[in-house]
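Notes follow once the structure below has been shown.
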Amino acid sequence: MDKQQVRQLFDALAPVYDSPATRFFPFCADRLVDYVRPHPGSKVLDVAAGTGMVAIAFAQAVRPGGRVMAVDISSHMLDRAAANIGKMALDNVDLHEMDAEQLDFRAGYFHSVVCSYGLFFLADMQGALREWVRVLRPGGKLAFTSFEVTAFQPMLNDFAERLQSFDVQLPEGPFGSRRIASPEHCRELLAEAGLVELDVQSVQLGYHLRDENDWWEVVTSTAMRALFDQLPLEQQED
């Protein structure tokens, strides 16, 4: 998908993105904070902020005196993020509609740069990482999350096979998240971006789906919806 298609997709998903079946997003936000360990008073950049789960977790962690800049290409996602941040009564988050590959921040500004499940949506992942490194202070931390190949199995493979049986054209790999193929690939991306102290971890979030309805909610509340929507209406009903 090009940038305009990504923007339109996430604008459409914004009202349903915080569904109960996608609760792995706030789970992962808390784990990111535990991993990065930001200091109170520090400046954090949250790239591809979505509905604000990561921004909220870091905003709480950097108080007092710290601040989070949260950027996303989707204005509708940022509207939802603003509402979620308001519910938490946080006043140390700034939201900006911005291209993750062309940041409007000066070099060496942030103590930490984080991105949760967003890097694989970017056409130039390597270029984006170099841009994130550009705005990172010397000695700062950059962290991103992606999915392991075992995530949501066997439902994910079954979903892909069913789509292919209806001649739906899948992106590289079954889904865009497979553009980051392994922990080794993560290391390569980070090293090529100029980072030197590399650490890649595989973490089980303990995330379970109760039944097929939960899985359907995951499909319709995330970027997988774009694949399902390629089906003609009569096939969707089947």
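Can you name the residue in region 200-226 that is open to solvent by less than 70 Å² (accessible area, probe 1.4 Å) and of a type in the set (Asp, Glu) and is also farthest from residue 23 (Cα to Cα) among such residues? If we take residues in region 200-226 being open to solvent by less than 70 Å² (accessible area, probe 1.4 Å) and of a type in the set (Asp, Glu), then 211 is farthest from residue 23 (Cα to Cα). Looking across region 127-168 at every residue that is at pLDDT below 90 and at positive phi, the one that is nearest to the chain's Cα centre (by Cα) is identified as 152. Among the residues of region 1-55, the ones that are part of a helix (DSSP H, G or I) and open to solvent by 60 Å² or more (accessible area, probe 1.4 Å) come to 14 in all.
Considering region 59-139, the qualifying strands (runs of 3 or more DSSP E), each wholly inside and each with 3 or more residues that are open to solvent by less than 20 Å² (accessible area, probe 1.4 Å) and in contact (Cβ under 8 Å) with a residue 24 or more places away in the chain, run over 67-72, 110-116. Among the residues of region 140-158, the ones that are open to solvent by less than 30 Å² (accessible area, probe 1.4 Å) and part of a strand (DSSP E or B) come to 4 in all.
The requirement of being within 15 Å of the chain's Cα centre (by Cα) and among the acidic types (Asp, Glu) is fulfilled somewhere in region 61-79, by at least one residue.
The values are calculated or read from the model by the stated rules, or taken from the named source; none is laboratory data. If you're wondering where the values come from, they're calculated on a predicted model, not measured in any experiment. So basically every Cβ, Gly included, is an ideal-geometry build from the backbone, and we count neighbours across all protein chains shown. For the accessible areas, the whole protein counts, side chains as well, though only heavy atoms, and no ligand, DNA or RNA atoms are used. Shrake-Rupley method; radii C 1.70, N 1.55, O 1.52, S 1.80 Å.
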